[in-house]
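Trainee: One structure coming up, written as structure tokens, with questions to follow.
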Amino acid sequence: MSDWEKDSGPIVTEQSWRRDFWGLLWESRSGFVPWEKILKLGRSTQEIVEEAFFLEKRGYTLELSPVLGIRLLAPLPDIFCSREWEYRLWISGVPWVTGVAYPVVGSTNEETHRWAEKGAGEGFFVLADAQRQGRGRWGRGWQSPLGLGLYGSILLRPGWEARQATRLAIVATLAAAEAVEETSGQRIDLGWPNDLFLEGRKVGGVLVETRTQGAALQEAVIGLGLNVRQTEEDWDEDLKPVATSLASYVSSPPRRMDLWIAFLHRLYRNYHMDFSLCRARWEARSPMLQRLVRIESPREMFVGMALGLSELGELNVQTVEGRVYSLGPAAVTRVRVTESGI
Ligand code: BTN
């Protein structure tokens with residue numbers, strides 16, 4: 001049985017010493033881990049040295065001293081390595097430690113659906129350095145240049161009612177905003193249902209794709225796209241006025257691995273939290289509320305006052321005639337604040 005077929009929870013396999021070795025290096029914060037401590041992992045010196053070489057090949061910088069031991073030097077490379085995520089997620093109490101990272105995929109959402117069909121369990125995730133056909137809501141694309149953004153998707157099997165699916169977009173966008181804030185110090189605003197804004201420009205988005213069986217939510221894939229290192233010239237012309245990246249605001253943007261780990265940590269917590277608490281936190285981050293918004297749907301466009309979120313995560317909007325509607329993402333292509341009422 002391979003790792004992803006097991007129930008979620010820390011992977012305890014014959015390979016777990018590799019995770020623990022990585023943990024020793026990580027916890028010593030650039031200081032040497034003495035041989036005495038390393039050898040307590042119960043592996044031979046040769047196996048340890050081979051593992052150190054493997055990590056070096058992946059891009060980490062290690063120093064081996066016959067006397068002092070081994071140390072991991074900063075800065076850490078901007079790569080996805082299972083040794084790192086297994087240890088860091090496990091130590092922070094997140095049981096979603098199993099995933100796979102590809103250099104390039106069509107779409108991490110699509111790839112995650114594929115793993116789900118093969119029986120992957122709750123919490124299985126897919127990361128990629130680039131996407132050929134990154135997708136956004138309503139058939140829009142998501143520009144995914146190599147190594148410049150975070151592109152990741154996670155499979156959840158919430159066992160909720162299908163009508164509660166919109167809650168996932170709320171839970172996940174909140175987690176993404178909190179993760180960006182924690183790792184970069186930048187304040188992130190939220191737009192319903194899935195937008196992350198940095199000073200009014202789009203810095204990320206979440207795409208939730210679900211499969212239902214009758215009234216039950218059988219499977220949900222949550223995809224997160226974050227613009228990390230893009231600069232002005234990386235955007236297509238039409239995106240230039242509306243898109244931004246973390247690198248446009250901080251001199252040293254976070255590693256994608258740090259962002260993903262922080263995201264899973266927050267997502268795990270928010271997902272298990274009472275939804276009314278998530279809803280309140282989401283609303284506190286949305287400059288859209290109590291303002292006039294322009295709602296676009298495939299059939300019409302209208303203006304109303306955004307009041308807040310329903311208990312299902314829909315957007316409550318009051319029209320000029322005073323009627324209040326709860327709108328789900330399936331009915332709305334785009335929502336934007338409008339000052340003029342058009
Ligand atoms: C949106 O703003 O419309 C949502 C964009 C979501 C993009 C991410 S990138 C990772 C995952 N894989 C995809 O194909 N899309 C999501």
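The values are calculated or read from the model by the stated rules, or taken from the named source; none is laboratory data. Treat the numbers as computed from the prediction; the structure is a model and nothing was measured. Don't worry about glycine lacking a Cβ; one is built from the backbone with ideal geometry, like all the others, and counts go over all protein chains shown. These accessible areas exclude ligands, DNA and RNA; they are computed on the full protein's heavy atoms, side chains included. Shrake-Rupley method; radii C 1.70, N 1.55, O 1.52, S 1.80 Å.
Trainee: Got a number for residues in region 268-285 being over 20 Å from residue 197 (Cα atoms) and of a type in the set (A, V, I, L, M)?
Mentor: Residues that pass the stated criteria total 2.
Trainee: Does residue 335 satisfy being open to solvent by less than 20 Å² (accessible area, probe 1.4 Å), at pLDDT below 95 and not hydroxyl-bearing (Ser, Thr, Tyr)?
Mentor: Here the answer is yes, as residue 335 does meet what is asked.
Trainee: Here is a list of conditions, (1) in a strand (DSSP E or B); (2) open to solvent by 10 Å² or more (accessible area, probe 1.4 Å), and residue 269 meets all of them except one; can you say which number that is?
Mentor: In the conditions (1) in a strand (DSSP E or B); (2) open to solvent by 10 Å² or more (accessible area, probe 1.4 Å), residue 269 misses (1) alone.
Trainee: Here's something else I'd like to know. I'd like to check something: does region 314-323 contain any residue that is open to solvent by 60 Å² or more (accessible area, probe 1.4 Å) and β-branched (Val, Ile, Thr)?
Mentor: Looking through region 314-323, at least one residue is open to solvent by 60 Å² or more (accessible area, probe 1.4 Å) and β-branched (Val, Ile, Thr).
Trainee: Somewhere in region 205-225, is a residue modelled with pLDDT under 95 and hydroxyl-bearing (Ser, Thr, Tyr)?
Mentor: Within region 205-225, one or more residues are modelled with pLDDT under 95 and hydroxyl-bearing (Ser, Thr, Tyr).
Trainee: Pull up region 29-41, narrow it to residues that are at pLDDT 95 or above and open to solvent by 50 Å² or more (accessible area, probe 1.4 Å), then point me to the one that is nearest to residue 70 (Cα to Cα).
Mentor: Filtering first and then ranking leaves 32.
Trainee: Now a separate question. Just the residues that are more than 20 Å from residue 237 (Cα to Cα) and either without any contact (Cβ under 8 Å) to a residue 24 or more places away in the chain or among the hydrophobic types (A, V, I, L, M, F, W, C) (or both), please, taken from region 131-152.
Mentor: 138, 150
Trainee: In region 191-202, is there at least one residue being of a type in the set (A, V, I, L, M), on the phi < 0 side of the Ramachandran plot, in the same structural domain as residue 257 (by TED's automatic domain parsing) and more than 15 Å from the ligand (Cβ to nearest atom)?
Mentor: The answer is no, given that none of the residues of region 191-202 is of a type in the set (A, V, I, L, M), on the phi < 0 side of the Ramachandran plot, in the same structural domain as residue 257 (by TED's automatic domain parsing) and more than 15 Å from the ligand (Cβ to nearest atom).
Trainee: Is it fair to say residue 11 is hydrophobic (A, V, I, L, M, F, W, C) and modelled with pLDDT under 95?
Mentor: Against the criterion (hydrophobic (A, V, I, L, M, F, W, C) and modelled with pLDDT under 95), residue 11 qualifies.
Trainee: Follow-up question, since we're still on this one. Scanning for something in a helix (DSSP H, G or I), in contact (Cβ under 8 Å) with a residue 60 or more places away in the chain, among the hydrophobic types (A, V, I, L, M, F, W, C) and closer than 21 Å to residue 174 by Cβ, does region 277-284 turn up at least one residue?
Mentor: Yes: one or more hits.
Trainee: Follow-up. Within region 174-181, can one find any residue that is touching a residue at least 60 places away in the same chain (Cβ under 8 Å), assigned to a strand (DSSP E or B) and away from the ligand (no atom under 14 Å from the Cβ)?
Mentor: no
Trainee: Identify, by number, the condition in (1) aromatic (Phe, Trp, Tyr); (2) under 18 Å from residue 266 (Cα atoms); (3) open to solvent by 10 Å² or more (accessible area, probe 1.4 Å) that residue 160 doesn't meet.
Mentor: Residue 160 satisfies every listed condition except (2).
Trainee: While we're on this one: List every residue pair whose Cβ atoms sit under 7 Å apart, with the two residues 6 or more apart in sequence or on different chains, where the first one lies in region 183-204 and is surrounded by fewer than 24 Cβ atoms within 10 Å (Cβ to Cβ) and the second, anywhere, is aromatic (Phe, Trp, Tyr).
Mentor: Short answer, once both residue conditions are applied: 186/249; 188/197; 189/197; 191/197; 198/249.
Trainee: Look at residue 165 and say whether it is small (Gly, Ala, Ser) and out of contact with any Asp or Glu (no Cβ under 8 Å at 6 or more places or on another chain).
Mentor: Yes: the conditions hold for residue 165.
Trainee: Does region 115-126 contain any residue that is in contact with a Pro (Cβ under 9 Å, 6 or more places away or on another chain) and more than 12 Å from residue 219 (Cβ to Cβ)?
Mentor: Within region 115-126 (the criterion being in contact with a Pro (Cβ under 9 Å, 6 or more places away or on another chain) and more than 12 Å from residue 219 (Cβ to Cβ)), the answer is yes, since at least one residue qualifies.
Trainee: OK, next. Give the residues of region 281-310 that are open to solvent by 40 Å² or more (accessible area, probe 1.4 Å) and in contact with a helix residue (DSSP H, G or I) (Cβ under 7 Å, 6 or more places away or on another chain), sorted by residue number.
Mentor: 281
Yes or no, residue by residue, for (1) among the charged types (D, E, K, R); (2) in a loop (DSSP other than H, G, I, E, B); (3) buried (at least 17 other Cβ atoms within 10 Å of the Cβ); (4) within 16 Å of the ligand (Cβ to nearest atom):
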position	(1), (2), (3), (4)
212	no, no, no, no
218	no, no, no, no
225	no, no, yes, yes
229	yes, yes, yes, yes
233	yes, no, no, no
247	no, no, yes, no
250	no, yes, no, no
253	no, yes, yes, no
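Trainee: Can you name the number of the only condition in (1) open to solvent by 40 Å² or more (accessible area, probe 1.4 Å); (2) within 23 Å of residue 226 (Cβ to Cβ) that residue 67 fails?
Mentor: The failed condition is (2).
Trainee: With a cut-off of at least 2 residues that are assigned by TED's automatic domain parsing to the domain that holds residue 202 and within 10 Å of the ligand (Cβ to nearest atom), name the strands (runs of 3 or more DSSP E) lying wholly within region 79-163.
Mentor: 125-131, 149-156
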